[in-house]
């Protein structure tokens, strides 16, 4: 029970980071969740081999990287557009930014709270509900371009807010 | 190196799935050549995922806070504050009575009155009603339809925000009923129709426990302390959960578990044997099968066409090129090009809701029946109305005869066969029951047999249902199918008329009409089956589910699942296979869209995976 609890604790703490890595390569959110499930199962089965002195996130991403290559190899139509070399470059990048982004998460949480409701609603439609810009535009009786621009402005505002918060710390 | 703005544009287009192949290639080159570009890419994709997850958590928290405030107001009004006594004192605003009391204290002398009040307060405190013995464990949310709180052998209608105490239970009655049991730590139990949850227990330093006496639940359990797992019990099994998502179904014949996330421990009560069921596996505990977790079949996201705002009544032409679908709760039927998704025609001549749609076998005629007591025949190529037949009652079902020479129409108490070449030639059969929207029935594809769920079947959970088979040619009862546990919600004849699929609870019973016995029972933990469709060759069955955003495909010969089509809204409903069984038409619906009161619904055309 103790080992399982420790595993679950680590998995839940790193779930979003692992999903972010998988989601950067597997863009379909349903498929990304499927891959994450498969990765989580491998992580659990191989948890004995995890060195607690290493980053759990890096270990998990390494396994996710191999799983994606395996799925890509098994099924030529598996929707990953990047070559193995590019996937390796993305994996390396995730390892490099790990320390920096761990500080950003808390800042992002606070910055999201500061957004006006209309911006939050737009982000919710795009990210939580996973709607495409065309669908959002239809719902909001707006144009696709206007949706892209609005999202771009919100992202820029979030980036600036995070930068300021991290500068104060 | 490309300028930063170009890199940002490429990254954003890629993540929004808008990048062209050339732009993807350009981005790949940059990511491989420049670590800075790769870092920017990782940072942007990381931001997207964290934004999604934080928003989801925060939106949940906001809902939770609004929910708690609503409870607080409700409890103040009823003088049943759920807070602890010390909190209650702090939370209660000063009343005018306490203001007058302070004035008297000043007037009469603080010492004497304070002593008297102290003694009085002590007496009142000792004599206070002991109504808060049972701790509040959870609250009810999203109450829909007929939902009751069970306590001390009685039941009372449940309300949104109502507190659930230790020892209480919840009962959900009726097809459209549902409720969510929400714990303070975020753990959620979604209960579907005809489900009874008994004996909630738990509290500080004790793990949560519930007993699923009957029905279906979907649990989303937040991480629990290692020594206090959540225990979900059924009469046959115990499921021990540390933090995961799962579906659990308990019926008279079996307990079924499907783990969506994490790992859970499943124990068979009869012999104490335990197995671990990881994500992507299912397990069944019944009297006949070994307790062995089985991997779920492969999942596919192979939608070809989605028609938003449509629901339930739809048909695909025999050549697979035209999809006819009725708008949600509407009188309008639209014809769509199944390849391009272009709407070809809108059929708007019915004056009330359309209840049934069918193509003729040769695909040259489309028939629509409606509550307006008419059947209209259309040219599906042009969308032109050819003729209208009138009836004395709402039309509930219709089918073309196997040679397309006649149309068989089912109205309230009659089945009428119309010769299409000579419409004045009509043969009527008066049925012994009067069908209405409340009946579940199916007409065989040759129009010769009607299957009806016995109208006397109880609507309560645990009901045993009976299906009556009526020979429409001889106008006599062919027989009955009894002993079906759970509410029968859908019937469907196989194309060759030899099998009847009876959807009851989480089970589809395949009844062999020739042999007069059960051919197979298809059971899966997808929850209540909402509808089923046979493939044209009768070898496969597609099932939709009330509480699952997926459609399941079954191999009828083996009784095993072949594939899961994912990506529906909250519930799915299988309607019909396309020609050669290569496509499938389904309906799906959701009532959980943020800020939406009405259901979202859609009719979807899927490309099916090869066998």
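Footprinting exposure proxy ranking of B:259, A:124, B:539, fewest other C-beta atoms within 10 angstrom first, gives B:539, A:124, B:259. What is the Cα centroid distance between segment A:121-169 and segment B:340-380, reported in whole angstrom? Measuring centre to centre over Cα atoms gives 42 Å.
Taken as Cα centroids, segment A:21-40 and segment A:41-68 sit 15 Å apart, rounded to the nearest whole angstrom.
Cα gyration tensor of segment B:249-349, axes a ≥ b ≥ c as square roots of the eigenvalues: rounded (a/c below 1.5), prolate (a/b > b/c) or oblate? Because a/c hits 1.5 or more and a/b exceeds b/c, segment B:249-349 counts as prolate. What is the distance in Å between the Cα centres of segment B:538-584 and segment B:193-253? Each part reduced to its Cα centre gives a spacing of 28 Å. Peptides A:107-117, A:139-149, B:557-567, ordered by how many other C-beta atoms sit within 10 Å of their residues on average, highest first, read B:557-567, A:107-117, A:139-149.
Averaged over the residues of peptide B:14-24, the number of Cβ atoms from other protein chains lying within 10 Å of each residue's Cβ is 3. Working from Cα pairs under 8 Å separated by at least six residues, relative contact order for segment B:240-305 is 25 percent. Helix A:2-25 and the longest principal axis of the Cα set of chain A meet at an angle near 50°. Treating the angle as unsigned and between 0 and 90°, give the value, to the nearest 10°, between the Cα long axis of helix A:56-74 and the longest Cα principal axis of chain A. Rounded to the nearest ten degrees, it is 90. Both radii are taken from the alpha-carbon atoms of segment A:57-169; with Rh as the Kirkwood radius, Rg/Rh is 1.06. Rounded to the nearest 10 degrees, the inclination of helix A:84-114 to the longest alpha-carbon principal axis of chain A is 50 degrees. For the protein assembly as shown, the gyration tensor built on C-alpha atoms gives an oblate shape. Its axis ratio a/c (a ≥ b ≥ c) is at least 1.5, and a/b is not larger than b/c.
Size of segment B:476-560 from its Cα atoms: along the principal axes, largest to smallest, the extents are 40, 28, 20 Å. Which number comes out as Rg/Rh for segment B:128-280 once both Rg and the Kirkwood Rh are worked out on C-alpha atoms? The Rg/Rh ratio comes out at 0.96. Computed from the alpha carbon atoms alone, the convex hull of segment A:1-105 holds 108 Å³ per residue.
None of the figures in this text is laboratory data; all of them are computed from the coordinates on show. All of these numbers come straight from a predicted model, not from anything done at the bench. All Cβ positions, even for glycine, are placed from backbone atoms using ideal geometry, and neighbour counts span all protein chains on display.
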